[in-house]
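Here's the structure, in structure tokens; my notes come after.
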Amino acid sequence: MVKEVFETNFPSETVQEGKVKVVVPKLKAFKKQPSDYAPSKAPVFYNPVMELNRDIAVLAFQAYQRMVNRDISICEPLTSSGIRGIRFAAEIHGVKKVVISDISERAIKLAKHNVNLNGLNERVTVQHKDANCLLSCHGAPRKRFDIMDIDPFGSPVPYLDSTVRALRNKGLLAATATDLAPLCGVHAKACVRKYGGKPLRTEYCHEIAVRLLAGCIATVAAKQDIGVHILFSHSTDHYIRVYAQIAYGAKKADASTKTMGYVLHCFNCLHRETARSPFNLHIEKCPECGSKMDWAGPLWLGKIFDTQFCELMAQENRHTAFRNNRKIATLIALTKDEAEAPATYYVIDKISNKLSLPVPSVAAMLKILHDNGFEAVPTHFNSRGLRTNASASAVQNLLKIAVSSQE
Ligand SMILES: C[S@@+](CC[C@H](N)C(=O)[O-])C[C@H]1O[C@@H](n2cnc3c(N)ncnc32)[C@H](O)[C@@H]1O
Ligand SMILES: [Zn+2]
């Protein structure tokens, strides 16, 4: 029986997202000063900006379900209002069970109401537990889940160990990280502490952030003789997100460990390269200009998007009605193209600034790189960025030509 009226002891409203209707805090009521971040001020966390993150999760999990071709179970142990887990049950075909949980009593009260409101009591179970406690209870065979969605405040790292234990073989781990200050190198020590890798404040720091999170997942999994394959990742708004498929086996874990390494960067000439071993960190002299180089890592040097998985997600997006369909189509098309391209990207504005030249268009730069026999694709990480196999000096020379031919 669906209850029509729900009394929260705080200002609330009903919103529609995807195929569900949920009661959430009325954010306007919790923004007392312009600097207030209303989602965190509300008694139960809710951020409408994360609709895109949830839409993409629905598409990725549906793509995964089609890939494994059986009924799946999903756990969302940091659920808040329940909006995410409820959408998974309501919108993804082939979901037999969703477990949502939160440590906050108020969140759980609201999540229970929202499950009821959407008539999903049969398939969605609501728990009131600390995430690591819940996940530890699901660490044994036959209790494990197919998919785990970790969407915390800040870093997902405190939950990764128990998350990996609670995933069945070939299961999918999706994790959001909003602690971009450590991951992008503003608080480097915190990043080393949490993610086990050194960040670097470069123009491609968001890609480094994704690789640090992917590397951390791979390292945590490897300790349990589990390997990882990154199916998808993205950097959007104030967060990054990684989708990692796990696979049981010491050999798989060894293969993941071998995929770890370092990115070396020259802040003088923008040259960058990768190294698999800490013994190959020849940072003393940049091979292009002779300056001392800096480095990031250890981090994941393998692929951060899987072309086929991107295609599956694109297909799902074409068959789904979301407010964000067009935005998602653009994002997936970009990631699909950059899946096979080299690690790290150049930002045209940064190079123009360095050379004190006007900024050419991305299209002009892509064309001149192609005309000169280089591979070059845009990147979803930065609308002014491009990935290429051209060296930093070749990119700078071609930018000069592109600018002069525009004049
Ligand atoms: C960013 S919010 C989750 C947002 C939600 N996934 C969504 O899409 O709207 C993080 C949630 O984690 C909960 N939380 C924090 N620490 C927790 C813990 N140790 N165990 C379980 N829940 C926790 C908070 O109460 C909060 O509701
Ligand atoms: Zn250099």
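The values are calculated or read from the model by the stated rules, or taken from the named source; none is laboratory data. This structure is a prediction, so every number in the text was calculated from the model and none was measured. All Cβ positions, glycine included, derive from the backbone under ideal geometry; neighbour counts span all protein chains shown.
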Matching residues in region 108-124 - criterion: being within 16 Å of Val15 (Cβ to Cβ) and in contact with a helix residue (DSSP H, G or I) (Cβ under 9 Å, 6 or more places away or on another chain)
Ala111, Asn114, Val115, Leu117, Asn118
Scan region 286-309 and report the pairs whose first residue is on the phi > 0 side of the Ramachandran plot and whose second residue is part of a strand (DSSP E or B) and not basic (Lys, Arg), with Cβ atoms within less than 7 Å and a gap of 6+ or a chain change.
Gly297/Gly261; Gly297/Tyr262; Gly297/Val263
Check Leu299 against each of (1) more than 18 Å from the chain's Cα centre (by Cα); (2) part of a strand (DSSP E or B) and name the one condition it does not meet.
(1)
Checked against (1) within 14 Å of ligand 1 (Cβ to nearest atom); (2) out of contact with any Lys or Arg (no Cβ under 7 Å at 6 or more places or on another chain); (3) more than 27 Å from Ala321 (Cβ to Cβ), Thr8 satisfies every condition except (1)
Within region 112-130, considering residues that are within 15 Å of ligand 1 (Cβ to nearest atom) and aliphatic (A, V, I, L, M), the one surrounded by the most Cβ atoms within 10 Å (Cβ to Cβ):
Val124
Does Leu312 qualify as being in a helix (DSSP H, G or I) and of a type outside the set (D, E, K, R)?
yes
With a cut-off of at least 2 residues that are acidic (Asp, Glu) and either closer than 27 Å to Ile240 by Cβ or at pLDDT below 95 (or both), name the strands (runs of 3 or more DSSP E) lying wholly within region 91-165.
145-150
Which listed residue, of Thr335, Thr379, Thr388, is touching a helix residue (DSSP H, G or I) at 6+ places or on another chain (Cβ under 6 Å), farther than 19 Å from Arg272 by Cβ and crowded, with 18+ Cβ neighbours inside 10 Å
Thr335
Cβ pairs under 7 Å, 6+ apart or interchain, first in region 255-276 and more than 16 Å from ligand 2 (Cβ to nearest atom), second assigned to a loop (DSSP other than H, G, I, E, B) and among the basic types (Lys, Arg), ordered by first then second residue, are Gly261/Arg276
What residue, of Gly197, Gly119, Gly185, is at positive phi and within 20 Å of the chain's Cα centre (by Cα)?
Gly185
Taking Ile217 as the residue in question, decide whether it is more than 26 Å from Val347 (Cα to Cα) and either part of a helix (DSSP H, G or I) or more than 13 Å from the chain's Cα centre (by Cα) (or both).
yes
For Ile74: the one exception among (1) within 14 Å of ligand 1 (Cβ to nearest atom); (2) β-branched (Val, Ile, Thr); (3) more than 21 Å from the chain's Cα centre (by Cα); (4) in a strand (DSSP E or B):
(3)
Given (1) in a helix (DSSP H, G or I); (2) closer than 27 Å to Pro199 by Cβ; (3) in contact with an Asp or Glu (Cβ under 8 Å, 6 or more places away or on another chain); (4) more than 16 Å from ligand 2 (Cβ to nearest atom), where does Ser352 come up short, assuming only one miss?
(3)
Considering each residue of region 381-394, count those that are in contact with a strand residue (DSSP E or B) (Cβ under 8 Å, 6 or more places away or on another chain) and touching a residue at least 60 places away in the same chain (Cβ under 8 Å), and give that number.
4
